[in-house]
1. Equivalent ellipsoid semi-axes for the stretch 106-221, as square roots of 5 times the alpha carbon gyration tensor eigenvalues: give them largest first, rounded to whole Å.
2. Keeping all protein chains in position, work out how much accessible area Asp176 exposes to a 1.4 Å probe, and write it in Å² to the nearest 10.
3. Output wanted: per-residue J couplings in Hz (rounded whole) for the stretch 53-66, from phi through Karplus 6.51 cos²θ - 1.76 cosθ + 1.60, θ = phi - 60°, x for Gly and Pro.
4. Keeping every protein chain in place, order Asp44, Asp53 by accessible area at 1.4 Å, biggest value first, i.e. largest first.
5. Around Ala69, which amide H atoms from residues at least 5 apart in sequence, or from another chain, sit under 5 Å from its own amide H, with H modelled in the peptide plane?
6. Output ³J(HN,Hα) for the stretch 93-98: one whole-Hz value per residue in order, computed from phi by the Karplus curve 6.51 cos²θ - 1.76 cosθ + 1.60 with θ = phi - 60°, and x for Gly and Pro.
7. For the stretch 207-212, in order, what is each residue's ³J(HN,Hα) by Karplus, 6.51 cos²θ - 1.76 cosθ + 1.60 with θ = phi - 60°, in whole Hz (x at glycine and Pro)?
8. Can you put Ser68, Ser107 in order of accessible area, largest first, using a 1.4 Å probe?
Amino acid sequence: PSTPADKPTIPATPGADDKDDVPQTPGTTTPTTPDVDSNVRFIDLGNHAWAADAINSLADEGIIKGTSANTFSPAANITRADFAILLVRAFELASDNEENFADVDASDYFAKELAVARNTGLVNGIGENKFAPRNNITRQDMMVIVYRAMNSMNKLDVGDGVLDVPQAPDFDQVADYAREAVSALVNANLVNGKNGLIDPTANTTRAEVAVLLQRILNYIK
């Protein structure tokens, strides 16, 4: 069942991305560069070696896909819709209910997965039955969705309410709605922060999402 519209938990982030790119879906057309090592899946991970294992592992499992035949675009931001798609795939969620958010058209490439995410309670939207699917997702919003998913599966020890995170000097910048989620994931060592900071309102990159997803899947196994 959907969450009442008067209880939005994941506010939209500014700067909707209206481009028609489909970063997590198949159907790429860019040809492989002739002199690329055929054993290398993605050729653009050089500056993201810390995420390469996670990216390649999730790609092997069919959970995450590249932005072309041989690129991943690890530094690119990820949209709210694409993040929901990844979680639906990673957790192998399904729903027969096709009811969707008001700002999702049946022809949108993410329509099926967002319907599953909505009707399994994975995401609640931003109010008024909207999800802002093309907006980039912030780090704190990403953590709220992950926290909800793991909590619903009884896969995370959430403790008593908001936990103290003294090692993160910017914890006071985390929105009230996200504090419990951020605290739980940090204390479970699923989120390590960026240079000692949570950086809650920064957009989430594709590389960061891959690393978090791999940690989550390893954690719940």
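The values are calculated or read from the model by the stated rules, or taken from the named source; none is laboratory data. Values in this document were obtained by computation on a predicted structure and should not be read as measured data. Note: areas computed on protein heavy atoms with side chains; ligands, DNA, RNA excluded. Shrake-Rupley method; radii C 1.70, N 1.55, O 1.52, S 1.80 Å.
1. 24, 16, 14
2. Result for Asp176: roughly 130 Å² accessible.
3. Rounded to whole hertz, the list is 4, 5, 4, 5, 5, 5, 5, 4, 8, x, 7, 10, 10, x.
4. From most accessible down to least: Asp53, Asp44.
5. Those lying under 5 Å, H to H, from Ala69 are Thr29, Thr30.
6. Values, residue by residue: 7, 8, 7, 7, 7, 9 Hz.
7. Residue by residue, the stretch 207-212 yields 5, 4, 5, 4, 5, 4 Hz.
8. Descending order: Ser107, Ser68.
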